[in-house]
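The values are calculated or read from the model by the stated rules, or taken from the named source; none is laboratory data. For clarity, every value in this text was computed on a predicted model and none was experimentally measured. When we count neighbours, we look across all protein chains shown, and the Cβ atoms used for this are built from the backbone with ideal geometry, even at glycine.
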Amino acid sequence: MSPTACPRAPFPSYGPVMTENAITVQQTARPHGFPTTKDFAFVESAIPDPAVGSALVENLYWSVDPYHREMMDDVPGGFALHTPLEGRALGRVVASRTPELPEGEIVFHRQGWRTHSVVRPDEIRKIPRFDGVPLTAYLSVLGGTGLTAYVGLTRIARLREGDDLFVSAAAGGVGTATGRFARLLGAGRLVGSAGSAAKVDHLTREVGYDTAFDYHDGPAAELLAKAAPDGIDVFVDNVGGEQLAAAVGALREFGRIVRIGTISRYNTPDAPPPHFNYSDIVEKSLRMEGFLVSNYRDLQDELYEFAVPHLQSGRLALDQTVVDGFEHIVDAFLGMLHGKNTGKIIVRDHP
């Protein structure tokens, strides 16, 4: 699936009229349940001047990610109120006071959710330009999303050829990357869960899943048993909750659970934890391991070596929902939390 522009309809108009000044997005309140537009503010100021040793970046693309919802709560390392939010972004150096960041350079950094960022050389990653690879790929399959999927499969699951996988939230950014990477790595049967019939269709028609189910259609254990009657070897978990419990029951001996996220609880923190047969962990010699992708940034070049040739050959496609206009970044984030995207959601400066 090539990069697509997301229709405006799912994302209601919100935000200021863009000006020649700098604009940042700030969190103004701690949400209870799903956040709303009232929890954010667009704040306008003069475009900053870079100090000696830094450079001014005009941002071109922004990533909104599920982990941002966790950071909106009052937790260690979370977002501070009334300060610019952080996030992954790609931008062009437009003014520089360091020879390490020449003007015109395209860089990746984590000072997103703003139109302009001042960065130091140690805060950025220069983007290698590979023939035929669009910039949006560096925020999807070649960025943190793809690195999460790659680490989950190769380092945590230690995927073996022929392993059968179940992936929850399979139509999201990490889920689609996991499915495509697993297929390239020689996985066996791929089963995914998603939140709509359209997403289920996308997974089986485009991404390479053998079968998928809409988790709204019944108890997860029953849906998974029907989709994978002979069991699974690996569960890549982006959701937690009922689907985690179902996967524990479906895993074969020496099965592995890769814990990436618990999006089912981000907006419903009072939901009861999953109930499963804990003796299965022992009796089936199961292994469950979570990880933070930030601890695996040294594998970035390895990801390029794996994924770029497949992108160039067409064997690896991009699953992306692209929203035009920085003024829609909050709408894009809220839409992602409500499942309105397919694949990685990216906000793009007006083309």
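Looking at VAL323, VAL236 in this structure, which one is in contact with a Cys (Cβ under 6 Å, 6 or more places away or on another chain) and either of a type in the set (A, V, I, L, M) or not assigned by TED's automatic domain parsing to the domain that holds GLY172 (or both)?
The unique qualifying residue is VAL323.
I'm trying to understand the selection: among the residues of the stretch 195-229, which are hydrophobic (A, V, I, L, M, F, W, C) and touching a Leu at 6+ places or on another chain (Cβ under 6 Å)? Before the answer, list the steps.
From the stretch 195-229, those hydrophobic (A, V, I, L, M, F, W, C) are 197-198, 200, 203, 207, 212-213, 220-221, 223-225, 227-228; that's our starting set.
Scanning the stretch 195-229 gives ALA212, PHE213.
Could you list, in sequence order, the residues of the stretch 273-321 that are among the hydrophobic types (A, V, I, L, M, F, W, C), surrounded by fewer than 12 Cβ atoms within 10 Å (Cβ to Cβ) and within 30 Å of HIS32 (Cβ to Cβ)?
LEU292
What's the number of the only condition in (1) on the phi < 0 side of the Ramachandran plot; (2) assigned to a loop (DSSP other than H, G, I, E, B) that GLY162 fails to meet?
Unmet for GLY162, out of (1) on the phi < 0 side of the Ramachandran plot; (2) assigned to a loop (DSSP other than H, G, I, E, B): (1).
Does the stretch 205-212 include one or more residues that are within 30 Å of ARG30 (Cβ to Cβ), of a type outside the set (S, T, N, Q) and touching a Ser or Thr at 6+ places or on another chain (Cβ under 6 Å)? Full working, then the answer.
Restricting attention to the stretch 205-212, the residues satisfying the condition of being within 30 Å of ARG30 (Cβ to Cβ) are none.
No.
For the structure I just gave you, tell me whether ALA51 is modelled with pLDDT of 95 or more and surrounded by fewer than 17 Cβ atoms within 10 Å (Cβ to Cβ).
Criteria met by ALA51.
Among the residues of the stretch 183-197, how many are assigned to a helix (DSSP H, G or I) and free of Cβ contacts under 8 Å to residues at least 40 places away in the same chain?
2
Scan (1) touching a residue at least 24 places away in the same chain (Cβ under 8 Å); (2) surrounded by fewer than 17 Cβ atoms within 10 Å (Cβ to Cβ); (3) of a type in the set (D, E, K, R) for the single condition ASP270 breaks and write down its number.
Among (1) touching a residue at least 24 places away in the same chain (Cβ under 8 Å); (2) surrounded by fewer than 17 Cβ atoms within 10 Å (Cβ to Cβ); (3) of a type in the set (D, E, K, R), the lone unmet condition for ASP270 is (1).
What tally of residues in the stretch 307-336 results from selecting those that are in a helix (DSSP H, G or I) and aliphatic (A, V, I, L, M)?
8
Would you mind telling me which numbered condition in (1) touching a residue at least 12 places away in the same chain (Cβ under 8 Å); (2) more than 21 Å from the chain's Cα centre (by Cα) ASP122 fails?
(1)
Here are some conditions: (1) farther than 18 Å from ALA171 by Cα; (2) hydrophobic (A, V, I, L, M, F, W, C); (3) surrounded by fewer than 21 Cβ atoms within 10 Å (Cβ to Cβ). ALA246 meets all but one. Which one does it not meet?
Single failed check for ALA246: (3).
Kindly check whether there is at least one residue in the stretch 248-259 that is under 19 Å from the mean Cα position of the chain (by Cα), at pLDDT below 95 and among the hydrophobic types (A, V, I, L, M, F, W, C). Don't jump to the end; show me each part of the working.
Looking only at the stretch 248-259, we keep the residues that are under 19 Å from the mean Cα position of the chain (by Cα), and these are 257-259.
Now restrict to residues that are at pLDDT below 95: none.
No.
Restricting attention to the stretch 253-267, and to residues there that are in contact with a strand residue (DSSP E or B) (Cβ under 6 Å, 6 or more places away or on another chain) and without any contact (Cβ under 8 Å) to a residue 60 or more places away in the chain, which single residue is farthest from LEU153 (Cα to Cα)?
That would be GLY255.
Among (1) surrounded by 24 or more Cβ atoms within 10 Å (Cβ to Cβ); (2) of a type in the set (A, V, I, L, M, F, W, C); (3) not in a loop (DSSP other than H, G, I, E, B), which single condition is ALA169 missing?
For ALA169, the exception is condition (3).
Output the residue which, of all residues in the stretch 72-87 that are of a type outside the set (A, V, I, L, M, F, W, C) and closer than 19 Å to ILE263 by Cα, is surrounded by the most Cβ atoms within 10 Å (Cβ to Cβ).
Within the stretch 72-87, the match that is surrounded by the most Cβ atoms within 10 Å (Cβ to Cβ) is GLY87.
Yes or no: the stretch 141-157 includes at least one residue that is surrounded by fewer than 22 Cβ atoms within 10 Å (Cβ to Cβ), among the basic types (Lys, Arg) and not in a helix (DSSP H, G or I).
No, the stretch 141-157 contains no residue that is surrounded by fewer than 22 Cβ atoms within 10 Å (Cβ to Cβ), among the basic types (Lys, Arg) and not in a helix (DSSP H, G or I).
Report yes if some residue within the stretch 173-182 is crowded, with 24+ Cβ neighbours inside 10 Å, at positive phi and assigned by TED's automatic domain parsing to the domain that holds LYS284; otherwise report no.
no
Return the only residue of ARG69, ARG97, ARG30 being modelled with pLDDT of 95 or more, surrounded by 13 or more Cβ atoms within 10 Å (Cβ to Cβ), in the same structural domain as VAL330 (by TED's automatic domain parsing) and within 24 Å of the chain's Cα centre (by Cα).
Unique residue meeting the criteria: ARG30.
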